[in-house]
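Visitor: Below is a structure I'd like to ask you about.
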Amino acid sequence: MTQRRRLSAAQSCSQSARQPGTLVAQEEDDDPTFTQPSTSQVQRGLDKLTTAQVDQKTAEVVQYFLVKDQKKIPIRRADLVKHVVKEYRNIYPEIMKRAVRTFDQVFGLKLVEIDSKNHTYILVNKLETVEGASPIKSPTNPKMGLLFVILSVIFMKGGVVRENLIWNTLKKLRVDPGEKHEEFGDVKKVVTDEFVRQRYLEYVRIPHTEPPEHEFRWGQRADMEVSKAKILEFMGQLHDQDPQSWSQQYREAHSTPSSTQASTSSQR
Amino acid sequence: MRRARGGGDEEAPRQNGSSSRRRGDQQQSDADDGDSAFGPADLQDDDNDPGLRREIRSKYRDLINSVQQNREDMLSPSNNKLTEVLEQANKLFKDVRQAREAALDAQLLVVATDLGKEKASQLFAEGTAFDPTAYAEHLLSFMGLNRLEDGEDEQNGLDGYLPQDAWHRVARRAECCFRTAPSFHYMMGSFHAEPPPPKQRIERQKKAPSKEAKRIMPTQLKKMDESHQEATEKEVERILGYLKSYYQDDPTSPISYYEFVIDPNSFSRTVENIFHTSFLIRDGLARMYLDSAKLPCIAPVEEGEVEAGGSSSRKQCIISISPKTWRELIDVFDIRDTMIQPSNTD
């Protein structure tokens with residue numbers, strides 16, 4: 001295994017004079033210094049491989065993403081390169097391009113980089129869920145209900161809330177972070193750990209607070225996946241009010257491009 | 001504007017304290033103007049009295065605690081508690097002389113301004129304000145809360161029971177707001193161990209009766225076999241006896257086979273007679289031949305002839321008889337009586 005890595009590093013060495021990233025990549029586990037090969041390097045790499053080989057590698061990458069996304073935890077580029085791409089890392093951009101296309105055309109999914117610094121990816125659905133489209137209703141996950149409540153409160157309160165507001169609201173819904181809930185178990189852990197790792201929420205410490213307090217915001221995945229307009233619609237139904245009566249939230253839901261990306265596909 | 005008095009190092013904090021305090025005020029309350037004049041003598045006494053110092057510090061700490069503990073209360077737009085806290089702090093501040101107390105004052109202000117910021121953001125929202133409590137109430141109804149009709153029966157301050165699928169309902173309704181990528185799973189699914197157990201149970205059930213049956217069977221069979229064999233042998237011998245005796249009565253006149261085997265009273269005994277007679281023929285103890293009328297006749301074989309006639313002139317045939325034929329034979333041959341008496345063991 002290590003021999004192979006050395007060989008591939010040697011290969012890429014011969015292909016280009018300076019690639020300090022891949023040289024260092026020999027030794028460590030994480031490969032934090034993976035640098036994107038340039039277009040000419042990619043082209044040279046492609047010339048040495050058959051289409052079948054590239055397609056096969058692309059398929060492996062696609063499968064890796066699909067399986068890793070089951071838990072909804074973002075996928076790191078370093079893991080991808082280490083476990084799947086391996087010696088094809090010199091044509092990494094080409095593989096990613098093809099993978100994105102496959103997801104788009106075959107699965108109707110978007111492969112999105114949510115963190116350009118740490119290079120982590122998530123899969124998001126391109127298609128809207130249409131009411132009554134499928135007669136088969138897959139089983140619902142009650143955690144999504146919990147998440148929805150939290151996200152909607154944050155949104156209606158302007159995007160940032162102190163954690164106590166969330167805990168108090170949940171307590172009124174018979175979900176107490178101090179007690180074990182029969183549906184959710186350790187509620188505090190689910191909300192502050194699981195949802196945060198999945199990037200649905202952000203849980204940030206507020207400075208100068210004693211005892212330490214945190215605030216909740218929408219996470220990057222929520223920004224991509226959740227439609228603010230639809231939340232407002234539900235609010236209107238629930239309170240028997242016109243969604244437009246919350247004018248500030250209405251404006252936010254229907255104006256900013258990031259929220260329309262999630263809400264309507266008609267833009268495309 | 002407060003007149004700065006006293007030692008050098010108290011000046012800076014005091015100034016900072018007073019100016020930020022004004023910014024923190026939401027409502028323009030009249031801050032105490034620096035009308036109080038200190039005499040140099042009073043100053044010195046207050047400065048040095050440790051009891052007073054302690055008292056001031058403790059009051060500051062109380063104020064800070066009250067703000068932190070009653071946060072939600074102070075946030076409510078319906079009261080002016082925050083302003084009252086600030087007014088109290090102002091009064092306390094008059095007696096502040098040392099850095100320690102001033103630091104506490106500063107801490108109180110950090111907490112108070114934070115609260116002030118939040119109150120301000122509440123006011124800023126245009127349109128209908130959003131009340132999480134009302135939201136929670138509506139959600140409970142949506143989830144299908146069964147409110148108890150008797151309002152006095154409150155368990156832990158909560159009325160009603162939430163149904164089991166309460167959160168599933170919310171999740172179902174929320175589905176359309178999410179554009180989650182569906183989780184990928186292989187269609188064949190994971191290996192499920194469920195089918196084997198029922199099969200095992202069935203197998204076991206089947207095995208049990210058959211085992212018992214087997215256990216019983218051998219003993220029964222043995223008995224039957226023995227009795228069968230014995231019965232057959234005995235019967236065959238008996239019939240041989242009859243045959244011989246009839247033959248000896250009249251060795252010259254041939255015994256009609258049909259007359260010999262047929263029992264006009266019972267078809268089944270006729271069949272048994274045929275069966276037993278066939279043994280005699282097989283063993284070479286009797287022989288069948290056709291007489292001049294081409295009708296089958298039966299005669300015992302002489303003692304000496306048994307082995308000689310054994311292997312050479314053997315012929316086989318299959319005899320069948322039906323009740324109809326049986327009755328016809330009875331009519332044709334006018335058989336009134338059976339030649340082979342039924343045995344008593346039957």
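Visitor: Which of the following residues is of a type in the set (S, T, N, Q) and within 11 Å of chain B (Cβ to nearest Cβ): A:T120, A:T192, A:T209? Give the steps one after another, and end with the answer.
Guide: Numbers: A:T120 fails: within 11 Å of chain B (Cβ to nearest Cβ); A:T192 fails: within 11 Å of chain B (Cβ to nearest Cβ).
Exactly one residue qualifies, and that residue is A:T209.
Visitor: Taking A:N90 and the conditions (1) of a type in the set (S, T, N, Q); (2) within 14 Å of chain B (Cβ to nearest Cβ); (3) surrounded by 20 or more Cβ atoms within 10 Å (Cβ to Cβ), which numbered condition does it fall short on, given that it satisfies the others?
Guide: Result: A:N90 passes all but (2).
Visitor: Can you say whether A:E128 is outside any helix (DSSP H, G or I) and among the acidic types (D, E), as far as the supplied structure shows?
Guide: Judged against the criteria, A:E128 is a match.
Visitor: Follow-up. Considering (1) under 25 Å from A:L111 (Cα atoms); (2) in a loop (DSSP other than H, G, I, E, B), say which one A:F148 fails and leave the rest.
Guide: Every condition holds for A:F148 apart from (2).
Visitor: Would you call B:G116 within 30 Å of A:T209 (Cβ to Cβ), at pLDDT below 70 and surrounded by 13 or more Cβ atoms within 10 Å (Cβ to Cβ)?
Guide: Here the answer is no, as B:G116 does not meet what is asked.
Visitor: With the checklist (1) within 11 Å of chain B (Cβ to nearest Cβ); (2) surrounded by 15 or more Cβ atoms within 10 Å (Cβ to Cβ); (3) modelled with pLDDT under 90 in hand, flag the one item A:V226 doesn't pass.
Guide: With (1) within 11 Å of chain B (Cβ to nearest Cβ); (2) surrounded by 15 or more Cβ atoms within 10 Å (Cβ to Cβ); (3) modelled with pLDDT under 90 applied to A:V226, the lone miss is (3).
Visitor: For the subset of segment A:150-181 comprising residues that are facing another protein chain (nearest Cβ under 7 Å) and free of Cβ contacts under 8 Å to residues at least 60 places away in the same chain, which member is nearest to A:G219 (Cα to Cα)?
Guide: Selected residue: A:V153.
Visitor: Of all residues in segment B:119-146, count the ones that are more than 8 Å from every other protein chain (Cβ to nearest Cβ), more than 17 Å from B:N79 (Cβ to Cβ) and at pLDDT below 80.
Guide: Counting residues in segment B:119-146 that are more than 8 Å from every other protein chain (Cβ to nearest Cβ), more than 17 Å from B:N79 (Cβ to Cβ) and at pLDDT below 80 gives 2.
The values are calculated or read from the model by the stated rules, or taken from the named source; none is laboratory data. Small disclaimer: the values here were computed from a predicted structure and weren't measured. Cβ sites come from the backbone with ideal geometry, for glycine too, and all protein chains shown count toward neighbours.
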